[in-house]
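J.: Got a structure for you, questions after.
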Amino acid sequence: MTMTRANGAVILTPEQVAELLVQPVGEASIAFQVATLVNTASSTYRIPTVTADPQAAWVAEGDEINPSDMTLDEEDVTPSKLAGLTIITRELADDSSPEAAATVGQGLARDIARKVDAAFFGNLAAPAPAGLGSLAVNATPADVQGVDAGTAFTSLDPFAEAQSLAEGVGAAITNFVANPADALALSTIKVGTGSQQTLLNGVRSINGVPLLVSSAVAAGTVWGIPQDRVVVVVREDATIETDTSAFFTSDRVAVKAVMRVGFGFPHKAGLVRVSLSAPAA
């Protein structure tokens with residue numbers, strides 16, 4: 001991690017960059033929580049994938065064992081630049097207390113986390129990295145698997161089906177992630193007509209799998225994600241820089257935070273999208 005100084009007061013020490021930017025982004029971002037996190041110093045991170053396992057066979061004692069090859073492929077992830085800029089007063093810049101540094105770092109980290117999740121669950125235009133929304137569903141056996149939950153979430157059956165589909169390709173869903181409106185709908189499903197008891201019984205989990213909430217997920221869609229089949233790649237050159245030159249006449253300081261983040265989906269068939277036939281607008 002680095003921090004540079006240009007015509008302005010140093011607000012954060014190099015050690016504080018990780019503490020006040022990178023770590024808070026990881027804690028606030030749902031994408032960081034549901035995926036395998038990889039830090040890299042390289043511009044591109046290569047994820048090896050196995051497209052075909054070597055073949056074993058029953059062999060009589062003393063017979064030759066026929067060799068077979070593993071078929072390997074790779075997915076290249078190039079982290080994209082995500083930057084935030086805020087303007088603060090000279091008084092705050094000159095205040096070197098931890099509280100002043102935290103105020104600046106936390107604000108930038110929260111918005112960077114929102115932007116990461118918007119890209120991870122969406123299909124944003126470049127230079128944002130391609131997210132879950134860009135992946136084809138049920139087009140080929142290698143694509144994301146889909147479950148039609150009907151016109152409304154009325155039971156947990158579609159999620160049991162999602163778990164079964166993931167297990168069918170050797171994956172295990174470790175998190176479901178829903179839009180807040182859909183999380184509310186799931187949380188209020190009753191065990192039966194006339195009952196006030198909910199299926200989730202006040203616990204944010206479905207069939208033992210944690211249910212997380214993100215406004216970055218489209219309404220009418222719930223993602224089933226196996227953590228070991230999804231990768232978030234973060235470049236190790238995150239920076240926070242300060243500069244006074246652009247705002248010299250108003251005696252203010254610009255604070256810029258930069259991270260580079262990318263996503264990899266080396267086993268798309270392990271992912272499951274549960275969606276309504278007619279999602280709410």
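The values are calculated or read from the model by the stated rules, or taken from the named source; none is laboratory data. Given the structure is predicted, the values throughout are model-derived calculations rather than measurements. With ideal geometry, Cβ positions are generated from the backbone for all residues, glycine too; neighbour counts draw on all protein chains shown. Only protein heavy atoms, including side chains, enter the accessible area calculation; ligands, DNA and RNA are left aside. Shrake-Rupley method; radii C 1.70, N 1.55, O 1.52, S 1.80 Å.
J.: Determine the sum of side-chain charges near residue 128: Lys and Arg each +1, Asp and Glu each -1, restricted to other residues whose C-beta is under 14 angstrom from that of residue 128.
T.: Details: positive: 81, 114, 115, 260; negative: 117.
Spelling it out: positives minus negatives among the neighbours equals +3.
J.: Another question, then. With all protein chains present, how much of the accessible area of region 167-223 (probe radius 1.4 Å) comes from carbon and sulfur, to the nearest whole percent? Working shown, then result.
T.: On the way: 1400 of 2680 Å².
Carbon with sulfur: 52 percent of the solvent-accessible area.
J.: Given charges of +1 on the Cβ of Lys and Arg and -1 on the Cβ of Asp and Glu, with all other atoms neutral, how large is the dipole of region 127-268 about its Cα centre, in debye to the nearest 20? Don't skip to the end; give the middle numbers.
T.: On the way: 8 positive and 12 negative charges, 32 e Å.
The dipole of region 127-268 has a size of about 160 debye.
J.: What's the ranking of 73-84, 253-264 by average number of surrounding C-beta atoms within 10 Å, highest first?
T.: Values: 73-84: 15.8, 253-264: 22.1.
So the peptides 73-84, 253-264, ranked by packing, come out 253-264, 73-84.
J.: Order 163-172, 24-33, 217-226 from most to least packed using the mean count of other Cβ atoms within 10 Å. Walk me through the numbers on the way to the answer.
T.: Working: 163-172: 16.5, 24-33: 20.8, 217-226: 23.3.
Sorting 163-172, 24-33, 217-226 by mean packing, highest first, produces 217-226, 24-33, 163-172.
J.: Return a whole-number percent for the relative contact order of region 133-243, with Cα pairs under 8 Å and 6 or more residues apart as the contact set. Could you put the intermediate results ahead of the total?
T.: Details: 132 pairs, mean separation 30.0, N = 111.
Relative CO of region 133-243 lands at 27 percent.
J.: Highest mean first, what order results for 135-148, 179-192 on Cβ atoms within 10 Å? Write out the running numbers ahead of the final one.
T.: Numbers: 135-148: 14.1, 179-192: 15.9.
Highest to lowest by the protection proxy: 179-192, 135-148.
J.: If you don't mind, another one. Quick one: if the Förster radius is 30 Å, what FRET efficiency do residue 44 and residue 138 give, using the C-beta to C-beta distance and rounding to 0.05? Present the calculation step by step, with values, prior to reporting the outcome.
T.: Values: r = 30 Å, r/R0 = 0.99.
According to the calculation, E is roughly 0.50.
J.: Now, a different point. Have a look at 192, 207, 169 and report the one farthest towards the positive end of the charge dipole of region 165-249, computed about the Cα centre with Cβ charges (Lys/Arg +1, Asp/Glu -1).
T.: The listed residue farthest towards the positive side: 192.
J.: Cβ under 12 Å from residue 162's Cβ, residue 162 left aside: what net charge do those residues give with Lys, Arg +1 and Asp, Glu -1? Write down the numbers at each step before the final one.
T.: On the way: positive: 273; negative: 148, 157, 161, 167.
Within the 12 Å Cβ shell, the charges total -3.
J.: Here is a follow-up. Mind grabbing the accessible area of residue 153 for me, 1.4 Å probe, Å², rounded to tens?
T.: It works out to around 20 Å².
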